[in-house]
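**Student:** Okay, here's the structure, questions in a sec.
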Amino acid sequence: MTKYSIFSLLRNAIGYHRDWQQAWRSPDPKPEYDVVIVGGGGHGLATAYYLAKEHGITNVAVLEKGWLGGGNTGRNTTIIRSNYLWDESAFLYEKSLKLYEGLSQDINYNIMLSQRGVLNLAHSLSDVRATQRRVYANKLNGIDGEYIGPEEIRKLVPIINLDPTIRYPVLGSSYQPRGGTARHDAVAWGLARASDARGVDIIQNCEVTGFDITGGKITGVQTNRGQIKAKKVGVVVAGHCTVMSDMAGFRMPIESHPLQAMVSDPVKPIIDVVVMSGAVHCYVSQSDKGELVLGAGIDAHNSYSQRGSLHIIEDQIAAVCELFPLFSRMRLMRQWGGIVDTCPDASPIISKTPVDGLYFNCGWGTGGFKATPGSGWVFAHTIARDEPHELNAAFSLDRFANGYLIDEHGAAGVAH
């Protein structure tokens, strides 16, 4: 490559970066919006995008107190799949997976979707029965999946330890071939660019400090940049939805916990599927950069801390090194904690609220990233039509009063 061509590439890259910054400028808020979305992560940006694309509502502002995708969207472990047990969950996550499959084309941005397959290991007889039950439920709902034995697992993951004498022997696994990973920041950036192109205002460094409510109806929000009037407000703030609901004068049945994750230093490709284990509470995949992406469960205590807890990390590393002895030679490059909101039934809330014109989308626990486009799609419908789509009708706030819960504990193999 010549010196001229190198400088040309650099000049083009710098120019593209400037164009990118211009597209993501923080404009001065308009006097009034049809819809204000609080939260500039994946779900908030997806909601804004589908409001514009599916419902023609473009007078929309996305308010983010920090930078786009700087919360849980930037701290997740990139796994996507739809192999949930209950019908309500399965249909919602399957909608999301189908949207993911066409998202790069739809928003004209490469989200680096890699449908490498997802394994959920079974280590005991009860694990085997529960896993087979979930596979059969998926098949009845038209979702791909199969139950496989140790020898088939070995073909997919040659480096896994299948010694029957280890603490948690691998007896079998569910396998969803269409599951896999996507680049989390690319999903946020792509949705932001596509929303901006349709006329949505994306306002960073704009923290919501209160709601304006008159006669039981939302009329706007208070921010550190002043008052913004709005006909409708959708709240999508992972980790802090109870803070928002307190501002609006009602309670949410949600707790916030740190969720642990980490990555190793990069190596050549050694594992090309996603492997999850609920019994030993860890999951692993390999990123395009070569890092091993490792996830654990949530801390038992409530916290807004975005850092790891040593005992969770130690247990996770011990488990993953038993399953993959080769990993004992790896070094961790960084570790962190995200903040997840968890509902009593381990399922999200995508719902109208007691305040007219105020809608909440929260409580995803560990399932948030895989639901990003589907969550935004149904939440946009709920806001635009002032009624839920059939895919999210069961995920209303009312279910905690009427008892129609969606108990997805254990459905993901790790956490939920």
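Yes/no per residue for (1) more than 25 Å from Q115 (Cβ to Cβ); (2) open to solvent by less than 30 Å² (accessible area, probe 1.4 Å); (3) modelled with pLDDT of 85 or more:
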| residue | (1), (2), (3) |
| --- | --- |
| S287 | no, no, yes |
| A296 | no, yes, no |
| H301 | yes, no, no |
| R307 | yes, no, no |
| I317 | yes, no, yes |
| V320 | no, yes, yes |
| F327 | no, yes, yes |
| M333 | yes, no, yes |
| I339 | yes, yes, no |
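**Student:** Can you confirm whether S277 is touching a His at 6+ places or on another chain (Cβ under 8 Å) and over 17 Å from G368 (Cβ atoms)?
**Tutor:** Considered against the rule, which asks whether it is touching a His at 6+ places or on another chain (Cβ under 8 Å) and over 17 Å from G368 (Cβ atoms), S277 comes out as yes.
**Student:** Let me ask another. So if I check each of A296, A346, which one is assigned to a loop (DSSP other than H, G, I, E, B), among the small types (G, A, S) and either touching a residue at least 60 places away in the same chain (Cβ under 8 Å) or closer than 30 Å to L125 by Cβ (or both)?
**Tutor:** From the options A296, A346, the qualifying one is A346.
**Student:** Okay, moving on. Tell me whether the stretch 302-316 contains one or more residues that are farther than 16 Å from H257 by Cβ and part of a strand (DSSP E or B).
**Tutor:** Looking through the stretch 302-316, none of the residues is farther than 16 Å from H257 by Cβ and part of a strand (DSSP E or B).
**Student:** Here's something else I'd like to know. Could you tell me which residue of the stretch 115-140 is surrounded by the most Cβ atoms within 10 Å (Cβ to Cβ), considering only residues that are hydrophobic (A, V, I, L, M, F, W, C) and not in a helix (DSSP H, G or I)?
**Tutor:** Within the stretch 115-140, the match that is surrounded by the most Cβ atoms within 10 Å (Cβ to Cβ) is V118.
**Student:** Look at F360 and say whether it is open to solvent by less than 10 Å² (accessible area, probe 1.4 Å), out of contact with any His (no Cβ under 6 Å at 6 or more places or on another chain), in contact (Cβ under 8 Å) with a residue 12 or more places away in the chain and within 19 Å of G278 (Cβ to Cβ).
**Tutor:** no
**Student:** What about M276, is it at pLDDT 90 or above, closer than 25 Å to D163 by Cα and not acidic (D, E)?
**Tutor:** Against the criterion (at pLDDT 90 or above, closer than 25 Å to D163 by Cα and not acidic (D, E)), M276 qualifies.
**Student:** A further question on this structure: Give me a count of the residues in the stretch 86-105 that are surrounded by fewer than 22 Cβ atoms within 10 Å (Cβ to Cβ) and of a type outside the set (K, R).
**Tutor:** 9
**Student:** Within the group T214, T219, which residue is β-branched (V, I, T), out of contact with any strand residue (DSSP E or B) (no Cβ under 7 Å at 6 or more places or on another chain) and at pLDDT 95 or above?
**Tutor:** T214
**Student:** On to the next question. In the stretch 165-176, what residues are open to solvent by 50 Å² or more (accessible area, probe 1.4 Å) and over 20 Å from S328 (Cβ atoms)?
**Tutor:** Listed by number, the list holds a single entry, L171.
**Student:** Any chance you could count how many residues in the stretch 46-64 are in a helix (DSSP H, G or I) and open to solvent by less than 20 Å² (accessible area, probe 1.4 Å)?
**Tutor:** Summing the residues that are in a helix (DSSP H, G or I) and open to solvent by less than 20 Å² (accessible area, probe 1.4 Å) in the stretch 46-64 gives 7.
**Student:** Okay, moving on. Looking at (1) open to solvent by 40 Å² or more (accessible area, probe 1.4 Å); (2) in a helix (DSSP H, G or I), which is the only condition W67 fails?
**Tutor:** Just one mismatch for W67, condition (2).
**Student:** Just to be sure before I move on: is A261 touching a Gly at 6+ places or on another chain (Cβ under 7 Å) and either modelled with pLDDT of 95 or more or not in a loop (DSSP other than H, G, I, E, B) (or both) in the structure I sent?
**Tutor:** Here the answer is yes, as A261 does meet what is asked.
**Student:** Does the stretch 317-343 hold any residues that are touching a strand residue (DSSP E or B) at 6+ places or on another chain (Cβ under 6 Å) and either free of Cβ contacts under 8 Å to residues at least 40 places away in the same chain or in a helix (DSSP H, G or I) (or both), and which are they?
**Tutor:** A319, V320
**Student:** Counting only residues that are acidic (D, E) and farther than 18 Å from L326 by Cα, which one in the stretch 141-164 is surrounded by the most Cβ atoms within 10 Å (Cβ to Cβ)?
**Tutor:** Among those that are acidic (D, E) and farther than 18 Å from L326 by Cα, it is D144.
**Student:** Still on this structure: Could you look through the stretch 208-236, keep only residues that are farther than 14 Å from D356 by Cα and among the small types (G, A, S), and pick out the one that is surrounded by the fewest Cβ atoms within 10 Å (Cβ to Cβ)?
**Tutor:** Within the stretch 208-236, the match that is surrounded by the fewest Cβ atoms within 10 Å (Cβ to Cβ) is G226.
**Student:** Consider P266 carefully, then state whether it is closer than 30 Å to R116 by Cβ and either of a type outside the set (K, R) or in a strand (DSSP E or B) (or both).
**Tutor:** So P266 passes the test.
The values are calculated or read from the model by the stated rules, or taken from the named source; none is laboratory data. Quantities reported herein were computed from a predicted structural model and do not represent experimental measurements. Glycine also receives a Cβ, built like all others from the backbone with ideal geometry; neighbour counts cover every protein chain displayed. These accessible areas exclude ligands, DNA and RNA; they are computed on the full protein's heavy atoms, side chains included. Shrake-Rupley method; radii C 1.70, N 1.55, O 1.52, S 1.80 Å.
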